[in-house]
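K.L.:
To start, I am sharing the structure in question, which I have written as structure tokens.
Taken together, the values in this text are just the output of simple stated rules run on the coordinates, not laboratory data. Everything quoted here is computed from the prediction, not taken from an experiment. Reconstructed Cβ throughout: ideal geometry from the backbone, glycine too, with neighbour counts over all protein chains shown.
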Amino acid sequence: MAAGYLEILRARHAARLLTGTLVGRLPNATAAIALVLFVRAEGGTYGLAGALAAVYGVANAVGQPVLGRLVDLYGQPRVQLPAAVASALAMAVLAFSGTDPLPLACAAVAAAGLFTPPLEGGLRALWPSVLRREEQVHTAYAMDAVAQEVMFTVGPLLVTLCVSLWSERAALLVLNAVGVLGALSVVLSPPSRAWRSAPREAHWLGALRSPGLLALLGAFLFVGIALGSITVASVPYADEHGGDAVYGWLMAALGLGALIGGSVYGARAWSGAPERRLRVLVALLAVCYLPLMLMPGAVAMVLLSLLSGVFLAPCIACAFIIVDRHAPGGTVTEAFSWLVTTFTVGASVGTGLAGPVVQAGGPLWGYAVPGAAGAVSLLVLLATGRVLAVPARSGVVAASSENDPNRAAEPRFSSGDRA
């Protein structure tokens, strides 16, 4: 397993791109907890903190595909770095002005979310130009999914470290400054500066004109709902079985399960169409959510939480491959950004949905939501099987004038049109 990942990291520029992307995404990964701690330190209520975090999330969901399309049109350095600087400056405005006046705070948070650079989608667009074999690209997608789990585990710890060493204001400023440095490291790398998207047919829908991509996004909306609902359903369970410490272990086990599953999934080459493989993975994901409804003691529940996370990262890694296969030419960064946005929106919906369900029926019904959402995701994949079943592209070719893996011919294509 380690040999496969080390082979990827030894490729020229690979370690720099992965590390720079993870560091650059720290502000996004820590935004929610950093905002909550900052608002509390400013004397604001948890309701205000939640509202500002929601503003950030909505703005981020809007900005990712928009900035992704701009990256496809104008290249990574001309979009990613200015966006990272703008987002960091907006957070600095919040840090120095505080929550009063409130309209300024909301505007600053919205701008910070809107201008968050699509580094995640940009990295996945770069892998084919850095790695020489298609199976290496697939392994890199899995490693990428695992790295995200590590980042979302380490990020909150860094926030609390900054708060304990300095202050909540310093945490906002330091993490966003570090994020700009991560983005700078990526955009100054030769692969990022050389990357060009394939020519694209002018179309206002951009990547969303692909029926296969729409089917995948529909399925992953419900995967996001499943994940978001677990975080809420685990709160009342933890309250009955030991409090905050138990909740922390449950969430850590969920992330650890995803890390283990993604590591094992990426360690081998998989044959067959990824669309069929994704249906199997989503089915296993849904099945592994069901034992949570047993709600045993705390130790057993931690183990069940670990099991429930095992197939999450493999599902995400497999989805990356499908996005690459179905994204129209010239829209690869935008397409990956749409997957990120859809998953984020789904998690937010799951959080909002699980609250009333838990209040009405307790944690048992709360834990029924992720299993049901996983089942619906599988039904979407089965219902759209014919749309998703497109011929696979003929391998990833890294050395090309475009450095873009998307080479499928498009109807009515005109090389002079750019959307």
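K.L.:
Give me the one-decimal nm value for the distance between modelled label points at residue 10 and residue 150, 7 Å along each residue's Cα-to-Cβ direction.
P.N.:
For residue 10 paired with residue 150, the spin-label model returns 1.8 nm.
K.L.:
Then there is this: How charged is the neighbourhood of residue 17? Take every other residue with its Cβ under 14 Å from the Cβ of residue 17, and add Lys/Arg as +1 and Asp/Glu as -1.
P.N.:
Surrounding charge for residue 17 is +4.
K.L.:
In debye, nearest 20: dipole of segment 23-131 around its Cα centre with unit charges on the Cβ of K, R (+) and D, E (-)?
P.N.:
220 debye
K.L.:
Quote the charge dipole size of the chain about the Cα centre in Debye, to the nearest 20; the model charges only the Cβ of Lys and Arg (+1) and of Asp and Glu (-1).
P.N.:
Computed charge dipole of the chain: roughly 1140 debye.
K.L.:
Shifting gears a bit: How do 247-253, 107-113 rank on mean C-beta neighbours within 10 Å, highest first?
P.N.:
So the order, starting with the most tightly packed, is 107-113, 247-253.
K.L.:
Answer with one residue from 347, 243, 15: the one whose Cα lies farthest towards the positive end of the charge dipole of the chain, charges on Cβ with Lys, Arg +1 and Asp, Glu -1.
P.N.:
Selected residue: 15.
K.L.:
Here's a follow-up. Taking a virtual spin label 7 Å from the Cα of residue 293 along the C-beta vector, which residues in segment 304-323 bring their backbone nitrogen under 18 Å of it?
P.N.:
304-305, 307-309
K.L.:
Another question, then. Name the residues whose placed amide hydrogens come within less than 5 Å of the amide hydrogen of residue 267, ignoring near sequence neighbours (fewer than 5 apart) on the same chain.
P.N.:
Answer set, sorted by chain and number: none.
K.L.:
Taking the dipole about the Cα centre of the chain, with the C-beta of Lys and Arg at +1 and of Asp and Glu at -1, give me whichever of 192, 56, 114 is farthest to the positive side.
P.N.:
Going by the charge dipole, the pick is 192.
K.L.:
Which of 73, 37, 294 moves the most in a Gaussian network model of the chain with Cα springs under 10 Å?
P.N.:
Maximum fluctuation in the GNM of the chain, among the listed residues, is at 294.
K.L.:
Which peptide among 92-104, 19-31 comes first, and what is the full order, when sorted by highest mean count of other Cβ atoms within 10 Å?
P.N.:
19-31, 92-104
K.L.:
Calculate the FRET efficiency for residue 100 and residue 46 from the Cβ-Cβ distance with a Förster distance of 25 Å, rounded to the nearest 0.05.
P.N.:
So, using R0 = 25 Å, E works out to roughly 0.90.
K.L.:
Given segment 4-146 reduced to its alpha-carbon atoms as identical point scatterers, what log10 I(q)/I(0) does the Debye formula return at q = 0.10, 0.15, 0.16, 0.21 Å⁻¹?
P.N.:
Cα-only, vacuum Debye calculation for segment 4-146: -0.40, -0.77, -0.84, -1.16.
K.L.:
Convex hull volume of the Cα atoms in the chain, per residue, in Å³?
P.N.:
135 Å³
K.L.:
Which residue, chosen from 137, 98, 214, occupies the Cα position most advanced towards the positive end of the dipole of the chain, where the dipole is computed from +1 (Lys, Arg) and -1 (Asp, Glu) charges on Cβ about the Cα centre?
P.N.:
137
K.L.:
Now, a different point. For the ranges 254-266, 39-51, what's the packing order if you count other beta-carbon atoms within 10 Å of each residue, average per peptide, and put the highest first?
P.N.:
Ranked by mean Cβ neighbours within 10 Å, highest first: 254-266, 39-51.
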